[in-house]
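The values are calculated or read from the model by the stated rules, or taken from the named source; none is laboratory data. Fair warning: this is a prediction, and the values are worked out from it, not measured in the lab. All Cβ positions, glycine included, derive from the backbone under ideal geometry; neighbour counts span all protein chains shown.
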Amino acid sequence: MQINGGVRYCDTGVKSSLRAMQVANSLLGITNENVSGFDKIGYQRKEAVVSSFTEYLGVNGISTNVDDKVGRIIVSERPLDLALGEKGYFQIKTPTGVQLTRDGRFKLDKNGNLLNLEDNKVLSDSGVPIKLSFIPDDLKNIVVNKNGLVSLFNPKSRKLESVANLGVVDTKGMAVMKPDVKQGYNENSNVSLQNEFLAVMPTVRTFEANRQMFIMSNTNTQKAISQLGSAS
């Protein structure tokens with residue numbers, strides 16, 4: 001007795017070309033998103049992950065990973081602008097839950113709460129919002145060291161008083177012990193425009209090749225239908 005097994009897949013040239021063009025278009029969309037995020041503070045490049053079955057699954061065989069390499073650190077000279085020199089994320093409390101971000105452009109509200117640009121509270125390493133005991137006349141009296149300790153200079157006692165430690169975590173929610181916080185800096189995206197433009201060329205060529213195959217297959221099909229119609 002002989003048992004034959006396996007997976008066999010047959011498809012027309014038109015469908016294969018359409019599916020390949022959809023895949024190429026999806027890949028181009030990821031690249032366009034990276035290019036658009038080039039000037040965004042804290043943006044992290046997305047990498048396309050293409051399944052070995054994408055030829056048959058189409059766009060369903062494509063997913064993305066986040067490139068977590070540190071981006072370009074630039075000076076802002078604003079005391080509440082913070083950048084991370086190591087991999088990790090600030091924790092922000094939002095109405096939909098805790099979110100992670102590399103965008104360290106913070107501010108204070110009238111109650112002394114440390115907020116991000118969307119007015120969401122910044123969390124400490126204990127999971128509670130960071131709140132200053134008073135709002136200093138000069139924001140330079142707020143000091144954040146490289147380990148994420150937020151301190152406030154009290155003019156009455158003439159001492160630097162500890163407020164809280166920034167809650168810097170990795171993608172799994174584990175605390176980053178040495179985040180290398182840089183006060184007065186912003187982190188631009190980790191996108192390289194040169195690399196994005198070089199990477200997009202093969203995708204464009206693939207799209208154009210499948211477009212030509214689709215046109216040829218479609219033309220041949222139309223000719224066949226026309227000939228069958230005239231023969232009848």
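Comparison of R158, R78, R72 shows that the only residue that is on the phi > 0 side of the Ramachandran plot, surrounded by fewer than 18 Cβ atoms within 10 Å (Cβ to Cβ) and of a type in the set (K, R) is R158.
Going by the structure shown, is S133 assigned to a loop (DSSP other than H, G, I, E, B) and of a type in the set (S, T, N, Q)? Outline the logic, then answer.
Numbers: assigned to a loop (DSSP other than H, G, I, E, B): yes; of a type in the set (S, T, N, Q): yes.
When the stated conditions are applied, S133 passes them.
Which ones in region 78-106 are within 16 Å of G148 (Cα to Cα) and without any contact (Cβ under 8 Å) to a residue 40 or more places away in the chain? Residues satisfying the conditions are I92, F106.
Residues considered: K146, K172, K131. Of these, the only one that is under 30 Å from V66 (Cα atoms) and at pLDDT 95 or above is K146.
Return the only residue of N65, N60 being farther than 22 Å from Q194 by Cβ and within 23 Å of the chain's Cα centre (by Cα). So that I can check it myself, show each step before the final result.
On the way: N65 fails: farther than 22 Å from Q194 by Cβ.
Result: N60 is the single residue among N65, N60 that is farther than 22 Å from Q194 by Cβ and within 23 Å of the chain's Cα centre (by Cα).
Give the residues of region 57-100 that are in a loop (DSSP other than H, G, I, E, B) and either of a type in the set (S, T, N, Q) or more than 18 Å from Q44 (Cα to Cα) (or both), sorted by residue number. Outline the logic, then answer.
Let us first name the residues in region 57-100 that are in a loop (DSSP other than H, G, I, E, B), namely 67-72, 76-80, 85-88, 95-96.
Once the filter is applied, which keeps residues that are in a loop (DSSP other than H, G, I, E, B) and either of a type in the set (S, T, N, Q) or more than 18 Å from Q44 (Cα to Cα) (or both), region 57-100 yields S76, E77, R78, P79, L80, P95, T96.
Please go through region 101-117 and give me each residue that is in a loop (DSSP other than H, G, I, E, B) and either out of contact with any strand residue (DSSP E or B) (no Cβ under 8 Å at 6 or more places or on another chain) or among the basic types (K, R) (or both), ordered by number. Break it down stepwise before answering.
Taking region 101-117 and keeping what is in a loop (DSSP other than H, G, I, E, B), we get 102-104, 106, 109-112, 116-117.
Correct list: R102, K110.
So, N195, is that one modelled with pLDDT of 90 or more and touching an Asp or Glu at 6+ places or on another chain (Cβ under 9 Å) or not? When the stated conditions are applied, N195 does not pass them.
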